[in-house]
Amino acid sequence: MPISAINHYNVMVSDLERSVEFYAEVLGLDPGDRPPFSTHGAWLYLGEQPILHLSTSRKATSQKSDAFDHIAFTASDVAAFRAKLAQRGVKFDEFAVPDRELHQLFFRDPDGVEIELQFAGEDARAARAAGAKVDSSRGRNT
């Protein structure tokens, strides 16, 4: 009974409307139908899949972990993402992946969740040709 895919991830947010707008505008996720739970929240879709659940309240638990580091998405058009992030004043880092035809862009959502966008093919080649830094670790566990 193997798993077959990531279904969704949930982010606790301090300002639901701000976060919905951020994920819709920056990542292009679509706000969509959400069951009528007793707590406030939103579901954002990639195509037909509600991949991001935003929550505004959850009971405290002693089982929380600070081990979660970031969420990564496959993307295209690195130049458009750079422009969109710059236009919104979102700081980002970017790196070419050593020994791979991959380019990574890292930034944070309004609540500090780190997001990685990973680009391949022509995007990665163009970034490297333009002098992208090559860094295998960014001082982190990858």
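The values are calculated or read from the model by the stated rules, or taken from the named source; none is laboratory data. On a predicted model such as this, the values are computed, not experimentally measured, just so you know. Don't worry about glycine lacking a Cβ; one is built from the backbone with ideal geometry, like all the others, and counts go over all protein chains shown. The accessibility values were calculated without ligands, DNA or RNA, using every heavy atom of the protein model including side chains. Shrake-Rupley method; radii C 1.70, N 1.55, O 1.52, S 1.80 Å.
Summary of values
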{"read-out": "Members of region 17-26 that are open to solvent by 30 Å² or more (accessible area, probe 1.4 Å) and closer than 11 Å to residue 111 by Cβ", "value": "18"}
{"read-out": "Options 38, 65, 137; residue that is outside any strand (DSSP E or B), open to solvent by less than 80 Å² (accessible area, probe 1.4 Å), modelled with pLDDT under 95 and at negative phi", "value": "137"}
{"read-out": "Unique match (being farther than 12 Å from residue 75 by Cβ, surrounded by fewer than 17 Cβ atoms within 10 Å (Cβ to Cβ) and small (Gly, Ala, Ser)) among 121, 131", "value": "131"}
